[in-house]
Each structure stands twice: as structure tokens, then as C-alpha cells.
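The values are calculated or read from the model by the stated rules, or taken from the named source; none is laboratory data. Here the structure is a predicted model, which means the values were calculated and not measured. Here the Cβ is made from the backbone with ideal geometry for all residues, glycine too, and neighbour counts use every protein chain on show.
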Amino acid sequence: MLRIEHLTKKYDDFKAVDDLSLHIEQGQIYGFIGHNGAGKTTTLKSIAGILPFDEGDIYIDGKSIKDNPLECKKAMAYIPDNPDLYEYLSGVQYLNFIADVYQVSAKDRQERIKKYADLLDLTDDLAQPISAYSHGMKQKLAVISAFIHDPKLIIMDEPFVGLDPKASHLLKQIMKDVCDQGGAIFFSTHVLEVAEKLCDRIAIIKQGKLVISGRTQDVTQNESLEDVFLELEDTHD
Amino acid sequence: MIKTLIKIKLQGLFYRQVKSSKNKSASKGKIALMIFLFGYVAVVFCGLFGALFNSLVEPLHLMQLDWLYFALMAIIVIMFCFLGSVFITEHEMYEAKDNELLMSMPLKNRDILLSRVFVILFLNYIYELLIAGPAFVIYFVKRGMTVGQIIVFVVVFLTLPLFVLALTCAIAWVVAHVMNRVRKKNIIVLVLSIGFFAVYFYGVNYIQEYILILIQNGRSIAQAIEQGLFPIYHLSIAIEQVNIFSLLIYLVCALMPFVFVMWLLSKNFIQMATSQPKSKKIKYVEKPMKQNAMIKSLLIREIRHFTSNAMVMLNGAMGIIMTIIGSGALVIYASTLQEIVIMLPFVKENIVPILCLMGVGVGSLNIITASLISLEGNRLWIIKNLPIREIDILNTKLLLHLIMCIPANLIFSIIASIIMKLNIVDSLLVIIAPNLFTVFIALLGLLMNLWKPKFDWVNETVCVKQSMPVMLTMFISMGTAFVIPMLYMIVLSDIMSAFIYMYIVMIVMILINVYFYYLIRTWGVKKFKTL
């Protein structure tokens, strides 16, 4: 579903991501862990087609994001760490805009908006301007907009930040459902307990380089993910 | 501690003006440019007020109404400071974003309040200097001043902004409360701003007539001030006659409201700083949804964004307002204009190029596209991660500019053609030329914004008022609108007729537009990908 091959992204002379390769298959929830400034967001933005990169390539469903950006973007959705949305639109106007871009039919968008907005308890607020939303409500709206076109791959940057416990629980359930239906999720998080419980696979990045990746139980090897992460941080210092 | 707070506030005030994109520190060139621009504005205002006081000083002295000179100065100071600071006061006092941060620190509430008051006061002193400065110099040079008069003048200079501050705090409180309850506040701001501009232009156009009326009715105006605005009267008498009793009356009148407002603010600061704006919640009612074409949806998004902020509209599309006002003026003064055209052979012969140039000149004030990329701000990720071609994004930005400006251009051109009784060919020329220029500015603005985008703005008003692409587009478009007639009048009028010149200008404009659009499709698309 997602194949990252030797991805390198530089900001001037600084290598934010250095020769990173990862493969994510259908049905997998893949956690992406690293300290602040390790290169997680840069990697996720490169996959989402927001940032151009210097070397390597990214394939989504077998298509290169460099060569077929539109086809790749149609197959995926991206949720950023800080949901800066169009504050001049109402929630439902924003969702309709996203649905129009993905050419989601009127019937499908109506069903999906109702399903996810009801689930995340946002239906009553959809007519409100986004400027009146709290951080958590914006995050919920970003989540709904990501699911509106039924994507095969979902890229999430710290998706649980700002969500209340109920919404976090529901989002985890939605993520599992997506993967059960053949989708794939690649997300970054600092909450190691969540990653350990939720993810089939985990990748740890440090200073732009992939330190370790694989099945969660292979990475942790009977230790907690927190211990493994801290050990790796110390070893590579 | 209060010194640190004031320092931070003042730094914030000036840093906003010179801050570069991507948090780089301001370059020396940019600081020099800002100082030059501020200096230019100061010189213009001092010149304007200097001319006004210069025309008043002698006639008022001959009427033995010297005190009225200072009374008028004080009234202008109060009005100017009030208009200049009422919205800043609202922002600093009642809508400050850093109240909670500051209140969580070991700072006294009094110090937080005073630091905010000081910034407004500082601005008021600058505004006051632009009026009282030339008023003092003119009076000193023309009439001379004693040491006593100078001392009282300085006391008045220092205390008058305190009264204005009390007034602005009170009015800004009302404005903040009204705005919090109004849903379509951008419409109110737009209407008020247009009203303000109309009053400003009217005032500037008729200032000489008003000065004449002022001089002719000096005595009755003096009587009205003496009876109705007695603190102003005593202020003026205090300066003119060095009258201590009048000075005391004025000081009590100026300082009492200030002390009272400060006391009231300090009592209510916590409530004021922590209260949330009340707005009525709109409950969503499910309705059948409709699928739109992607381009249409992108265009609707651009229109909603552009019309969501009155300041963005006013700064980007002043030409539209002027075109509509111009169209109205054409209808109202139609017969007068027709008579003028008949009386002046040059105008009659060249009415078509003149109308074309009028459309071009007014159209040069529309610089909508110059900030449309920057206005995406930290929401740029949305359109970048969606499956949209870059050229479609850029095309809809151009389209927004055109659908906003072309209808107003058409109204003006059609009305002008009918009033001036032009034939079809001439009418087409009057219709096409301003619109070709509109396309030129739309393309130029977008190229400029792609070249120098600025995404880290504090608010959208700063983005549309102070960013480099906006300035450059404005100067180039206004410069072009100026150069086109000048080039003909100075160099080419002996070589060719104005009609031929207009046709050449239009052909050149078409070629430039084609080249600019080619640049947008090639370089522009590549540049957008890297943003």
C-alpha cells in the first residue's frame, strides 16, 4: 500500500530525513515514533505530497507520488498534528469542499458525514463557523474530512492530541475498522502506550534515520516500548 | 517589571512592521524602508496640518480670536487620536490574546493594565505630535510665544492624550461588546470603513471651503465652543493668556475622566481579561447535499475567504468601490460632463482614450491576487495534500480577481459609453481596455505573491497591508497607469494620435498578459509546489 524507498529530504544543508525506507501493507496500522525534530512530520508531509523531497521515491498503491501525485492523493488522506482549517467556513461547508475535491457523490458524502459526525459527537456543531471550534472539535472535523472519500491509506500526525478520551477511543476503533476492511494507516505519536497496543508494526526514527522497524512484538521483545525507545535513544547518542 | 512589559509591548508594535518571513530577523534595508515610509507619512500629515493652521493663524488673530486657534488644534487632536487609536484600544484592552499567559505569571494585574495603557498612550502622543507640532511651529513663527505660553502648551500637550485615552477606552468597550454580539461583523466594518473613506475624501476636497466658512463664522463658532465645549475653551484661554485658573479647570476636566476610567478598568480587569465572547450557537439541521465540480468548489472557497474579512476586501479591491462611485458620479453629473466635453475640443477628440485611462487608473487600485497565496497561511497544507492540480489552484485565484473586478469595470464602461454617446467600436474599446489592464494586474499580483509569499502573518490585515508582494503590485500597477498617459503626452503625442496609441497599448498589454500567464503555468506551478 505504501512503499518509501530511500527517502531523503534536506532543508538547506540539514538532512531532516536521511535515506529512509519503509513498506506498509494493506490491513496494517503502522506507528512512527521519534523524538521532537527527528523527521516524523517531514516524512509524513512528503508522503502526503505537501513537501517535495530530494532523493528516493514514495509509492502509494504502486504509483509514484513524484510521477502521479493526483492519483496517489486520491487514494489517501492526511491529518496534520495541528488542524489549521478554513476558519471562514462552517464545519459542513468545509466537509462539502473536501468532498467536492474528491468528487464524492451527494449520497455518499451525506451518509459518511452523518456516520462519522454522529460517532464523534460533532453533528450539532456542523453549522457553526470553524473559528468557533475548540482544538478538539477541529481535530474531529479533520478526522471526518479524512474519511469522507473512503481512502485506502491514511497518514496521521499525532492524531490523538486534543481529542477527549471518548473521541480517542472512537478514533482507535475507526482506525482498526479501516484496516480490517483492507486499508492501511501510518501515524506518528509520542504516546508509546497507544502505539504499543494499537500498532501491528512500529518504526523508530532518530535524526532523520530509521533506527528500527518491524512487528511490534519483534521490536519490543518482551520489554515495554518505552524502555526500547529510551534504550535506542541512549545507544545512538 | 512594568518596564519589561512596556518594552515587550513596544517591541511587538514595531517588530510586527519589519518582521521577515520564516522568522528571520529584519534586514537593515527593510528597517530603513519602514523608517522612510513612516517619515514620509509624518511629513505628509505635518504638511497638511501645517497648511491648515497657516491659513487660520492670521485671520483669527485679526478677529482677536487667537484662543480659537488652539481650540481648533485641540479638537483636531482629539478627533485624530480617537480615530487612530479606538480599534487598537479595542484590540489591546479587550481582545488581547496574551492576558491568560501574563496573568499566570508573577505579575500584578495593575502592571499588565498599565503596560497596555502605555502603548495606546504612546501612539496617541505620536498622533498628537503630527498636529500640535505644526500648530506650535506656525504660531511661534507667525505670532511668537512667551515662555509662559510655551510651558502651558507643553502641559496641554502632555495631558490631552490622557483625556482621549479615557474616551477611547470607554468607546472601545462599547465597540467590543457590540462586536461580540454581532454575527456579520465584517459587513459593519466594511460599511464603517467605506463611510470613513467617503468622509475623508469629502473633507480633503472641501477643506478650503471649510476654512473659509470657519473664518467667516469665527465669532459664532467661538461662541459655540465657549458655551458647549468649555474644557476646550479653558484649554485655549490657558495657552493664549497663560491663565492658571483656566488651566486648572481644563486639567480637572481632562484628568478626572482618565482617573475614573483607569479606576473602573483596574476594578474589572480580571473579568474583562477572562470573559469569553458570547455568540449564539447555530444548530446544524441536515439538508440534502449537492455535489459541485472541483473548480466551482475551489472558486466558492476563494470567494468565501475574500468576503470573510472587511479589511482584506478594502485593501484588495478599493478600485471596485471607486469604479462604482465613479459610475454613480457619471450618471449624476451626465449633463455637466457632456457640456464640458463639448467646450473642450481636446477632450472631445480624445474622449475614448480618456475614458480608457480613467478605467485603467481606477482599476490599478485592485490588487486582490497580490495576497491570495500568502492568505493561505498555515492552512496551505489543505490544498497541497488534496488531489488538485497546481494550475487549477492558481487559475481560481485569478478568476476571483476577474469576477470581482470585471462587473464593476463593465458598469463604468457601459454607462460612460451611453453618456458620451459613443459608437459601437469606441464603446468596445472603452470596455476592453480597462479589462485588459485588470487581467494584467491579476497576473502581476499572483506572480509577485508566488515570488515572495509570506505565511507567518499575525492576522490577515497585516498580510494584505504590509507584505512585499502587495506593495510591489500596488506600485507597479499605479506606476503603469501613470506612465501610459505620461508617455503619450510627453513623448508620443506629436508622432501619433491618442487612438493609435491606445491600440498599441492594448496590443502590448495583450502580449504581456499572454507572457505572464505562460509564466504562471510554468514557473508559477513549479514555485507553488515548493511552498
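In segment A:131-166, what residues are of a type in the set (A, V, I, L, M), modelled with pLDDT under 90 and outside any loop (DSSP other than H, G, I, E, B)?
Answer for segment A:131-166, where residues must be of a type in the set (A, V, I, L, M), modelled with pLDDT under 90 and outside any loop (DSSP other than H, G, I, E, B): just A:Ala132.
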Task: Single unsatisfied condition, A:Tyr88 versus (1) part of a helix (DSSP H, G or I); (2) facing chain B (nearest Cβ under 9 Å); (3) buried (at least 17 other Cβ atoms within 10 Å of the Cβ) - done: (1)
Open item on the list: Looking at the structure I just gave you, is A:Ala99 over 18 Å from the mean Cα position of the chain (by Cα), facing another protein chain (nearest Cβ under 10 Å), outside any strand (DSSP E or B) and closer than 25 Å to B:Ile303 by Cβ?
Closed with: yes
Open item on the list: Can you pull out every residue in segment A:207-221 that is on the phi > 0 side of the Ramachandran plot and in contact (Cβ under 8 Å) with a residue 12 or more places away in the chain?
Closed with: A:Gln207, A:Gly208, A:Gly214
Open item on the list: Which count do you get for residues in segment A:1-44 that are modelled with pLDDT of 90 or more, closer than 17 Å to A:Gly56 by Cβ and among the aromatic types (Phe, Trp, Tyr)?
Closed with: 1
TODO: All but one of (1) in contact with a Ser or Thr (Cβ under 9 Å, 6 or more places away or on another chain); (2) β-branched (Val, Ile, Thr); (3) at pLDDT 70 or above hold for B:Val174, so report the exception by its number.
DONE: (1)
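Consider A:Leu51 carefully, then state whether it is part of a strand (DSSP E or B) and in contact with a helix residue (DSSP H, G or I) (Cβ under 9 Å, 6 or more places away or on another chain).
Against the criterion (part of a strand (DSSP E or B) and in contact with a helix residue (DSSP H, G or I) (Cβ under 9 Å, 6 or more places away or on another chain)), A:Leu51 does not qualify.
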Task: segment B:511-531 residues that are among the polar types (S, T, N, Q), paired with ones that are part of a helix (DSSP H, G or I) (beta carbon under 7 Å, 6 or more apart) - done: B:Asn513/B:Leu436; B:Asn513/B:Val439; B:Asn513/B:Phe440; B:Asn513/B:Leu443
Open item on the list: Based on this model, can you work out whether B:Ser297 counts as free of Cβ contacts under 8 Å to residues at least 40 places away in the same chain, touching a helix residue (DSSP H, G or I) at 6+ places or on another chain (Cβ under 7 Å) and outside any loop (DSSP other than H, G, I, E, B)?
Closed with: yes
Open item on the list: Criterion first (surrounded by 20 or more Cβ atoms within 10 Å (Cβ to Cβ) and within 14 Å of chain A (Cβ to nearest Cβ)) does B:Ile382 satisfy it?
Closed with: yes
Open item on the list: So for segment A:130-141 (the condition being aliphatic (A, V, I, L, M) and under 29 Å from A:Gly208 (Cα atoms)), does at least one residue qualify?
Closed with: no
Open item on the list: Can you tell me which of (1) surrounded by fewer than 21 Cβ atoms within 10 Å (Cβ to Cβ); (2) touching a Gly at 6+ places or on another chain (Cβ under 9 Å); (3) at the interface with chain B (Cβ under 9 Å from one of its Cβ atoms) is the one A:Tyr78 doesn't meet?
Closed with: (1)
TODO: Would you mind stating whether A:Leu163 is over 24 Å from A:Met1 (Cα atoms) and within 11 Å of chain B (Cβ to nearest Cβ)?
DONE: no
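For segment B:332-448, give me every one of the helices (runs of 4 or more DSSP H) that falls completely inside it and has 2 or more residues that are farther than 30 Å from B:Lys296 by Cβ.
Filter on segment B:332-448 gives B:334-343, B:345-349, B:351-363, B:390-419.
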Open item on the list: Can you tell me which condition B:Ile484 does not meet? The list is (1) part of a loop (DSSP other than H, G, I, E, B); (2) modelled with pLDDT of 85 or more; (3) not polar (S, T, N, Q), and all the others hold.
Closed with: (1)
Task: Out of A:Ile58, A:Ile50, A:Ile65, sole residue that is within 23 Å of B:Phe528 (Cα to Cα), among the β-branched types (Val, Ile, Thr), out of contact with any strand residue (DSSP E or B) (no Cβ under 6 Å at 6 or more places or on another chain) and surrounded by 15 or more Cβ atoms within 10 Å (Cβ to Cβ) - done: A:Ile50
Task: Close pairs (8 angstrom Cβ cut-off, 6 or more residues apart or separate chains): within 13 Å of B:Leu123 (Cβ to Cβ) in segment B:152-172, crowded, with 22+ Cβ neighbours inside 10 Å and among the acidic types (Asp, Glu) anywhere - done: B:Pro161/B:Glu128
Open item on the list: Going by what's in this entry, would A:Gly31 be described as away from every other protein chain (no Cβ under 11 Å) and free of Cβ contacts under 8 Å to residues at least 24 places away in the same chain?
Closed with: no
- [ ] Go through B:Val312, B:Val261 for me and flag whichever is at pLDDT below 90 and within 14 Å of chain A (Cβ to nearest Cβ).
- [x] B:Val312
Task: B:Gly328 vs. criteria free of Cβ contacts under 8 Å to residues at least 12 places away in the same chain, under 17 Å from B:Ala408 (Cβ atoms) and not in a loop (DSSP other than H, G, I, E, B) - done: yes
- [ ] Please work out if B:Phe80 is under 28 Å from the mean Cα position of the chain (by Cα), within 20 Å of B:Leu121 (Cα to Cα), without any contact (Cβ under 8 Å) to a residue 60 or more places away in the chain and in a helix (DSSP H, G or I).
- [x] yes
- [ ] Could you please let me know if B:Ile225 is modelled with pLDDT under 85, closer than 20 Å to B:Leu68 by Cα and in contact with a Phe, Trp or Tyr (Cβ under 7 Å, 6 or more places away or on another chain)?
- [x] yes
Task: Leading residue by the ranking (nearest to the chain's Cα centre (by Cα)) among those in segment A:8-29 that are surrounded by 17 or more Cβ atoms within 10 Å (Cβ to Cβ) and closer than 29 Å to A:Asp177 by Cβ - done: A:Ile29
Task: Output for segment A:105-130, where each listed residue is assigned to a loop (DSSP other than H, G, I, E, B) and more than 7 Å from chain B (Cβ to nearest Cβ) - done: A:Leu120, A:Asp121, A:Leu122
TODO: Taking the options B:Val341, B:Val352, B:Val285, name whichever one is over 30 Å from B:Gln466 (Cβ atoms), more than 30 Å from the chain's Cα centre (by Cα) and crowded, with 20+ Cβ neighbours inside 10 Å.
DONE: B:Val352
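Please tell me if A:Gly183 is away from every other protein chain (no Cβ under 12 Å), out of contact with any Ser or Thr (no Cβ under 6 Å at 6 or more places or on another chain) and surrounded by fewer than 20 Cβ atoms within 10 Å (Cβ to Cβ).
Values: away from every other protein chain (no Cβ under 12 Å): yes; out of contact with any Ser or Thr (no Cβ under 6 Å at 6 or more places or on another chain): yes; surrounded by fewer than 20 Cβ atoms within 10 Å (Cβ to Cβ): no.
No; evaluated as a whole, the condition is false for this residue.
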